[in-house]
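Student: Sharing a structure here in structure tokens format.
We did not get these values from a lab; they are worked out from the coordinates using the rules stated. Only a predicted model underlies this, so the values are computations on that prediction, with no experimental measurement involved. Note that we place each Cβ from the backbone using ideal geometry, even for glycine, and neighbour counts take in every protein chain shown.
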Amino acid sequence: MKKSFKLLLTIVLVTALGFAMPSCTKKNFDMDRLSDNVVYTGSFALPIAYSDIAFYKVIDLMDSTIELRDNNDGYLSLFYESYVESKPVQDLLNIGNQTYSRSISLSDIMSKATRSEASVHYSTSEVISFTMFNDQAEIDSITLKSATFDYSLTNTIGKTTKIVLEFPSITKNGRVFKDSITLMPSESTFQKQLSLDGYTIDLTQTSQHWNEIPINVSIDLNFATDAPPTSGTLGFTVGINDVKYSKMFGYFGYHELFFQSDTITIKLFKDNPKYYMDRFYFNDPKLTVHYWNSYGVPSMFYFTELDTYVQKLDQVWDITSSSENFPMSQSHPFYVKHSSSYGTEALDSIYLDKNNSNLDQIVPNKPHWVHFKALAATNPGVYTHDNFITEESKLRSLIDVEFPLWGYLYKFTYTDTVDIDIADYTNNLPISRMAVLLTLENRMPVEAFAQIYLTDENFHVLDSLIDNPNSLVLEAAPVDANGRIINKVTTQTKMELTQKQINDMSNCKHLLIKLYANTDGALQGRLMKIYREYGAKANIGIEVDLDVESTSDIDNIGAKNLTLK
């Protein structure tokens, strides 16, 4: 008489759950990777793989550009971001090379000089005007990180000449910057370069009180062994070059810090062969502009363009705001907080949401991107000499689009394939019965329907496993009044296979899984929140009955060595 023994092979698959649960990695369930010595105990489990996937990992698989973060209320939000910052401050507020030249004739020297029997002493004070980065700038002081002082002399007087150049408003550690040189009668030209690293230039020591420095010039002509000079000129050119400052104070005028365009791509709503979202709702999407300002300068920011492409209507929409505080034009800029003390950074932000913009109408129409052009500038209609910057000053801006996972999702469709090969266990087995066991453990307020197809190595469908694809395979986990799940829910489905399906199972190389998911109560507009700990498990098992006369028949089965106990 034949005996019917049960052989239970449990194949735990990485399947699709979350709103679906996509495979983290494709698994090829090759039975040759298992031990050849399988012990038969009447009914036993043979694990192949195991999956417990968290929801936040699902999001990364759907779109790796998304930033997933816990928001201030504890549940998850999806963020798309674009970062804009001003150019290096030395490039924006650049102090170019400053040059001053003067030629003094002998007649001018002799008419104003103090004379003795064998020498002439002449002195004069001049003013050097600095050319700044814009016509409005009125600079009080510059502390130099690095710079060079270059000067050249030409002398056609033909006498021993000593020249002293002194800059009383350029100091370092309390010492005034000055230099002297003596030219012999045979020397008509001279050049020299000195370092100004670490010096501070005070540009307030003239009657104008900004952008100027005084220079004192002293000339001594010596002709003790020669006749007094009769003609000639003394010329000099001085330059403060290659200026890099460590800090600067004064009034910087109106100056653009950046004018930049960028596009934030939103892949979540784009058509994808693996998933499709029919209907969804995010309770409060936001577009936020965050600022970090280390300029000690009143500044403004505004968008010159802000729009989005909505896929459902194939149209470009302007993102509009009903709030006059949102910087949508030059006439309504946002006045960014600025650093109030040297070496600090001011933080600020402004946002659009469903209450002050049309984002609530845009998001359901599946925006594919958000495009913007933005301008920032200093001293918008403000005049003050309290401006300051350092060599590291920047105005940085982060524009992010946030989709809080508080809402609903209806008819989310997910399709994926899982490689599987159980031929080594089913070939040559005297199978009289086979059933597929589907066990799903749910830690989310999501319900799902599924269909599983058997396909060959070319992905041709051999058969389906679920008779009624409208039957619930994943029951939603219950939630409390705050929308947080109370406990996990386990759903088990058992599918008895026909003989054709059993034969197809032997030829099956892939499982094609289609999952249809909704958040609980989506049709009624019930809102759910998704937390970081949400996720699911999935197991698929195969239960097999073998018809054998005796235990010795098992030893004759060629698929694997089965030992009866």
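Student: How many nm is it between the label spots at ALA227 and HIS460, if each spot is 7 Å from the Cα in line with the beta carbon?
Tutor: Going from the ALA227 label point to the HIS460 one covers 11.9 nm.
Student: If the only charges are +1 at each Lys and Arg Cβ and -1 at each Asp and Glu Cβ, what is the size of the charge dipole of the stretch 116-176 around the Cα centre, to the nearest 20 debye?
Tutor: 360 debye
Student: Oh, and also: Could the peptides 295-301, 243-249 be put in order, highest first, of the mean number of other beta-carbon atoms found within 10 Å of their residues?
Tutor: Ranking the peptides 295-301, 243-249 by packing returns 295-301, 243-249.
Student: Suppose every K and R has +1 on its Cβ and every D and E has -1 on its Cβ; what is the size of the dipole of the stretch 94-251 about the Cα centre, in Debye to the nearest 20?
Tutor: The dipole magnitude comes to about 260 debye.
Student: Listing THR182, THR230, THR204 from the residue with the fewest other Cβ atoms within 10 Å to the one with the most, what is the order?
Tutor: THR230, THR182, THR204
Student: Based on the Cβ-Cβ distance from THR237 to SER125, what FRET efficiency comes out when R0 is 25 Å, to the nearest 0.05?
Tutor: For THR237 and SER125, the calculated efficiency is 0.90.
Student: Separate question: Give the order of ARG175, ARG433 when sorted by the count of other beta carbons within 10 angstrom, beginning with the fewest.
Tutor: So the ranking, lowest neighbour count to highest, is ARG175, ARG433.
Student: From the phi of every residue in the stretch 204-219, what ³J(HN,Hα) in whole Hz does the Karplus formula 6.51 cos²θ - 1.76 cosθ + 1.60 yield, where θ is phi - 60° and glycine or proline is x?
Tutor: Values per residue, Gly and Pro as x: 10, 8, 10, 5, 6, 6, 7, 6, 9, 9, x, 10, 9, 10, 10, 10 Hz.
Student: Using +1 at the C-beta of Lys and Arg and -1 at the C-beta of Asp and Glu, which of ALA54, TYR414, ALA224 has the Cα lying farthest in the positive direction of the dipole of the chain?
Tutor: In the chain, that residue is ALA54.
Student: Then there is this: Please give the contour-minus-distance gain from SER107 to GLN191: 0.36 nm per residue of separation, less the Cα-Cα distance, rounded to one decimal in nm.
Tutor: Taking SER107 through GLN191 to full extension adds about 27.8 nm, to one decimal.
Student: Calculate, for SER180 and PHE133, the FRET efficiency according to 1/(1 + (r/R0)^6) with r their C-beta to C-beta distance and R0 41 Å; round to the nearest 0.05.
Tutor: Once the sixth-power term is evaluated, E becomes 0.80.
Student: Could I have the simple spin-label model distance between GLU67 and HIS209, label points 7 Å from Cα toward Cβ, reported in nm to one decimal?
Tutor: Label at GLU67, label at HIS209, 4.5 nm between them.
Student: Would you kindly state how much longer the chain becomes between LYS373 and SER349 on full extension, computed as 0.36 nm times their sequence separation minus their alpha carbon distance, in nm to one decimal?
Tutor: Full extension from LYS373 to SER349 adds 6.9 nm.
Student: What FRET efficiency comes out for the pair THR413/GLN361, r = Cβ-Cβ distance, R0 = 30 Å, nearest 0.05?
Tutor: So the FRET efficiency works out to roughly 0.75.
Student: Beyond a 27 Å Cα-Cα separation, which of these cross-linked pairs lie in this structure: LYS394/LYS529; LYS312/LYS337; LYS247/LYS373; LYS192/LYS244; LYS112/LYS159; LYS286/LYS514?
Tutor: Among LYS394/LYS529; LYS312/LYS337; LYS247/LYS373; LYS192/LYS244; LYS112/LYS159; LYS286/LYS514, the Cα-Cα distance tops 27 Å for LYS394/LYS529; LYS312/LYS337; LYS247/LYS373; LYS286/LYS514.
Student: Give me the number: length gained by fully extending GLU475 to ALA435, i.e. 0.36 nm times residue separation minus the C-alpha to C-alpha distance, one decimal in nm.
Tutor: Full extension of this stretch gives 12.3 nm more.
Student: Projected onto the charge dipole of the stretch 94-251 (+1 at Lys/Arg Cβ, -1 at Asp/Glu Cβ, origin at the Cα centre), which of THR124, SER152, GLN193 gives the Cα projection farthest towards the positive end?
Tutor: With unit charges placed on the Cβ atoms, the residue in question is GLN193.
Student: Calculate the dipole size of the chain relative to its Cα centre from +1 charges on Lys and Arg beta carbons and -1 charges on Asp and Glu beta carbons; express the result in debye to the nearest 20.
Tutor: Using only the charged Cβ atoms, the result is roughly 440 debye.
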